[in-house]
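*Asks:* Pasting a structure below so you can have a look.
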2 protein chains.
Amino acid sequence: MNNNETIKPYVIGLDLGGTNSVFGSVDARGNIKNTVTVKTGGFETAEDYVATCVAALRPMIDELGGIDTVKAMGIGAPNGNYYQGTIEYAPNLPWAHDKVVPLAAMFSEALGIPVALTNDANAAAIGEMTYGVARGMKNFIMLTLGTGVGSGIVIDGKLLYGSNGFAGELGHVIMRRENGRLCGCGRKGCLEAYCSATGVARTAREWLATTTRPSALRALIPEEITSFHVSRAAEQGDGLAQDVYSFTGRMLGQACADFAAFSAPEAFIFFGGMTQAGELLMKPVRDSYREEVSPLFRDAAFLVSGLDGSSAAVLGASAVGWDI
Amino acid sequence: MNNNETIKPYVIGLDLGGTNSVFGSVDARGNIKNTVTVKTGGFETAEDYVATCVAALRPMIDELGGIDTVKAMGIGAPNGNYYQGTIEYAPNLPWAHDKVVPLAAMFSEALGIPVALTNDANAAAIGEMTYGVARGMKNFIMLTLGTGVGSGIVIDGKLLYGSNGFAGELGHVIMRRENGRLCGCGRKGCLEAYCSATGVARTAREWLATTTRPSALRALIPEEITSFHVSRAAEQGDGLAQDVYSFTGRMLGQACADFAAFSAPEAFIFFGGMTQAGELLMKPVRDSYREEVSPLFRDAAFLVSGLDGSSAAVLGASAVGWDI
């Protein structure tokens, strides 16, 4: 390092979710020193959002020793475009649902440091590669299973962005070409319509409505059933709920078999709320993958994220900042 | 260049097919100077095959000015593994159908030059990027439509090999999860079972057997129908034959829509015998892609290989050699 350069031991990571924006100051070893949270909604403009965030960040930055100790900021956000540093038409963000917001440039100008932005699933993949179970891996696919299904694809140690920054939308490959479920994206039969947390709840509601099978879930108001209810019922031995997870996991395994034919990854890594179902989900994933995949790709590993759920997204976002 | 180094203006490309092995000496501008052809079958061992090839190459090498004018050799071969330089369990090669043959090392030792080997679809993609319509492209997917369906995927200007050298087996993603056709790979519903030349003939035979629709193809013995018969009938206005191509093209377009969600390519490039059907095939490909793809990927171009069919495979193979 040049002697004239100040050592900058921290990066600020921002996990920008529909409800909360969590900022964390992170050192190079992945220790989160401090966090601060701002409510994401409730702003009419992106300018207001950024101004409030920057004000909230000041005490954290002072505690680090000033902005000169901060190398960069990394943001993981829904509908984030790495090439452009923008958030584009993000349905759950009131100040970005109908426009392209140059969020990286806005934070960079306000803070005086470089800022990189990527979509949330890509940030999770980078975080996993930097701090998690993917350390040392060069080729893997991260699948984030939450309200939707996101993905981050790593090829030769680098995140895949493709020609326009939107590569890795694996939640929107088609798994049912006939009578497929309507997906939030407006198309039919997408993986996300079945294998997200909302997809699991939807499968349970469908099966309750179209069969007479007994199930503890019948005690609930159908519209209020969540994937959490289904996994809890399954753990308590409810056959219908167990079959919902088996159906979901098997479809994920089939999807992974196709993904393997694309990039021959050494591992699939699962991340997000739905992974709390554990083996209930992962066993049918592995089983159907091994049954259906070409022998060329049979050796891929199936892993669940090793990062602590609450800080993983912040670490992932910060890792984007270290790469600037 | 170091003055002690000899200028080596040629690479030898080998297009290793099930019937013929075509060698060409190629200069850096993609001019094929000479070719020599050896029958691929008819050898009991890989050693015999290599010995015969090397003997056949001697006059060509002498004409170039000796082996010192040859930088390297590049091989495109079925079931070729770039990382290992091997051909592995290639069903159509008598001397490699039941084993792993270290073909690159064998030619390298016999000729005294570096030898690189990759699978035939990858070689086509590299050839297209070096000499064809993909010049200057950084992200594209090459689909080779012949007896089977092969693919070569280029990411950031480099061919995708994945963790084990077998990335890009897109002929074996599943397009029909229920009642799918048996594929040559032993699995069911693969893209290749429908969208290869043999798939086209199979679709025609199925429709002739299960419907009473009139068709000029009914004059032929069903087992003898090829994709060529179907395309000729379609061009002459045969409705059933036209619908076979529409069905085939639409499925290819659907598959491309899923591939786009993976790597966001700027173009899909089609190569191989089936592309001779021209717009009969390509129009339904484009139409169904645009109807079914996520708006994020709608701009991808659909191109047909610009390389002369007879020399494209040799040029593709030679391009692998230039990269050593």
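The values are calculated or read from the model by the stated rules, or taken from the named source; none is laboratory data. Given the structure is predicted, the values throughout are model-derived calculations rather than measurements. Ideal geometry is used to build each Cβ from the backbone, glycine not excepted, and the neighbour counts take in all protein chains shown. Accessible surface areas use protein heavy atoms only, side chains included; no ligands, DNA or RNA. Shrake-Rupley method; radii C 1.70, N 1.55, O 1.52, S 1.80 Å.
*Asks:* Got a number for carbon plus sulfur as a percent of the range A:169-287's accessible area, 1.4 Å probe? Write down the numbers at each step before the final one.
*Replies:* Details: 2480 of 4850 Å².
Whole-percent figure for carbon plus sulfur exposure: 51.
*Asks:* Same structure, new question: Kyte-Doolittle mean at least 0.0 and Cα extent at least 27 Å along the axis: which DSSP H helices of chain B qualify? Mind showing how you got there, number by number?
*Replies:* Numbers: long enough: B:239-263 (36 Å, 0.41).
Answer set is B:239-263.
*Asks:* Given 0.36 nm per residue, what is the gain on full extension from B:Asp287 to B:Asp308 after removing their alpha carbon distance, in nm?
*Replies:* Values: separation 21, 0.36 × 21 = 7.56 nm, distance 2.64 nm.
Result for the pair: 4.9 nm of gain on full extension.
*Asks:* Among the DSSP beta bridges whose two residues both lie in the protein assembly as shown, what percent are antiparallel, rounded to the nearest 5?
*Replies:* Values: 56 of 96 bridges.
Within the protein assembly as shown, antiparallel bridges account for around 60 percent of the total.
*Asks:* How fast does the range A:1-115 diffuse by Stokes-Einstein, in µm²/s, taking the Kirkwood radius from C-alpha pairs at 25 °C and 0.890 mPa s?
*Replies:* On the way: Rh = 14.5 Å.
Estimated diffusion coefficient is 169 µm²/s.
*Asks:* Straight-line reach from A:Lys158: which lysines have a Cα under 22 Å away, not including same-chain ones fewer than 8 places off?
*Replies:* A:Lys71, A:Lys138, B:Lys138, B:Lys158
*Asks:* With all protein chains present and a 1.4 Å probe, how do B:Tyr131, A:Tyr289 order by accessible area, largest first? Spell out each step's value before the answer.
*Replies:* Details: B:Tyr131 30, A:Tyr289 0 Å².
The ranking, largest first, comes out as B:Tyr131, A:Tyr289.
*Asks:* Between copies, how far does the label point of A:Asn92 sit from its twins, in nm, shortest first, when each point is 7 Å from Cα along Cα→Cβ?
*Replies:* Counterpart label points of A:Asn92 in the remaining copies fall at 4.9 nm.
*Asks:* One decimal, nm, shortest first: give the distances between the label point of A:Gly186 and those of the same position in the other copies, each label point 7 Å from Cα along Cα→Cβ.
*Replies:* The projected label point of A:Gly186 is separated from its counterparts by 4.4 nm.
*Asks:* Hey, can you list the residues from the range A:147-164 whose accessible area shrinks by 20 Å² or more with all protein chains present, relative to the chain by itself (probe 1.4 Å, no ligands or nucleic acids)?
*Replies:* Output list: A:Ile155, A:Asp156, A:Lys158, A:Leu160, A:Gly162, A:Ser163, A:Asn164.
*Asks:* Okay, next question. In whole Å, how far is the Cα centre of the range A:34-74 from that of the range A:232-311?
*Replies:* 37
*Asks:* Using all Cα-Cα distances in chain A, what percent lands in each 20 angstrom bin from 0 up to the longest?
*Replies:* Percent of Cα pairs in each bin: 32, 54, 14, 0.
*Asks:* Just subtract the alpha-carbon distance of A:Ala56 and A:Glu44 from 0.36 nm times their residue separation and send over the number in nm, one decimal. Could you put the intermediate results ahead of the total?
*Replies:* On the way: separation 12, 0.36 × 12 = 4.32 nm, distance 1.78 nm.
Here the answer is 2.5 nm.
*Asks:* Under the convention of a label 7 Å out along Cα→Cβ, give the distances in nm from A:Asn34 to the same position in every other copy, shortest first.
*Replies:* Taking the point 7 Å beyond Cα along Cα→Cβ, the inter-copy spacings are 7.5 nm.
*Asks:* Another question, if that's okay. With a 1.4 Å probe and all protein chains left in place, how much of the accessible area of the range B:17-150 comes from carbon and sulfur atoms, in whole percent?
*Replies:* That share works out to 49 percent.
*Asks:* List, by residue number, every residue in the range A:235-265 with a reduction of 30 Å² or greater in accessible area between the chain on its own and the complete protein assembly, 1.4 Å probe.
*Replies:* A:Asp258, A:Ala261, A:Phe262, A:Ala264
*Asks:* Next question. Please give the per residue accessible area of the range B:107-191, computed with a probe of 1.4 Å over protein heavy atoms only, in Å².
*Replies:* Details: 2800 Å² over 85 residues.
Per residue, the range B:107-191 has 33 Å² of solvent-accessible surface.
*Asks:* Pull out the extension gain between A:Thr226 and A:Arg135, defined as 0.36 nm times the separation in residues minus the alpha carbon to alpha carbon distance; nm, one decimal. Walk me through the numbers before you get to the answer.
*Replies:* On the way: separation 91, 0.36 × 91 = 32.76 nm, distance 3.32 nm.
This chain segment gains 29.4 nm when fully extended.
*Asks:* Per the helix-only calculation at 222 nm, which mean residue ellipticity applies to chain B, given -39500 (n - 2.57) for every DSSP H run of n ≥ 4 and division by its residues, nearest 500 deg cm²/dmol?
*Replies:* Working: 9 runs with 120 residues, N = 324.
Computed ellipticity for chain B at 222 nm equals -12000 deg cm²/dmol.
*Asks:* Based on a Kirkwood Rh over C-alpha pairs, give the Stokes-Einstein translational diffusion coefficient of the range A:104-211 at 25 °C and viscosity 0.890 mPa s in µm²/s.
*Replies:* On the way: Rh = 15.8 Å.
Translational D for this selection: 156 µm²/s.
*Asks:* Would you mind giving the average projected area, over all directions, of the Cα convex hull of the range B:209-324 in nm² with one decimal?
*Replies:* Numbers: hull surface 38.6 nm².
Result: 9.6 nm².
*Asks:* The range B:169-208: which residues show an accessible-area loss of 50 Å² or more, assembly versus chain alone, 1.4 Å probe?
*Replies:* B:Arg177, B:Arg187
*Asks:* As I understand it, the dipole of the range A:79-211 uses +1 on the Cβ of Lys and Arg and -1 on the Cβ of Asp and Glu, about the Cα centre. Which of A:Leu117, A:Ala193, A:Gly150 lies farthest toward its positive end?
*Replies:* The one lying farthest along the dipole's positive direction is A:Ala193.
*Asks:* How many square angstrom of accessible surface are buried between B and A, both sides summed, with a 1.4 Å probe and rounding to 100? Each step should come with its number before you reach the end.
*Replies:* Numbers: alone 14910 and 14930 Å², together 26840 Å².
Between B and A, the summed buried area is about 3000 Å².
*Asks:* Moving on. Using the Cα gyration tensor of the range B:59-163, with a ≥ b ≥ c the square roots of its eigenvalues, what is the shape: rounded (a/c below 1.5), prolate (a/b larger than b/c) or oblate (neither)?
*Replies:* oblate
*Asks:* Assuming a ≥ b ≥ c are the square roots of the Cα gyration tensor eigenvalues, decide whether the protein assembly as shown counts as rounded (a/c under 1.5), prolate (otherwise, with a/b larger than b/c) or oblate.
*Replies:* Here the protein assembly as shown falls in the oblate category.
*Asks:* Separate question: Quick one: which residues, 5+ away or cross-chain, put their amide H under 5 Å from the amide H of A:Tyr82? H built at 1.01 Å from N.
*Replies:* Those lying under 5 Å, H to H, from A:Tyr82 are A:Asn119.
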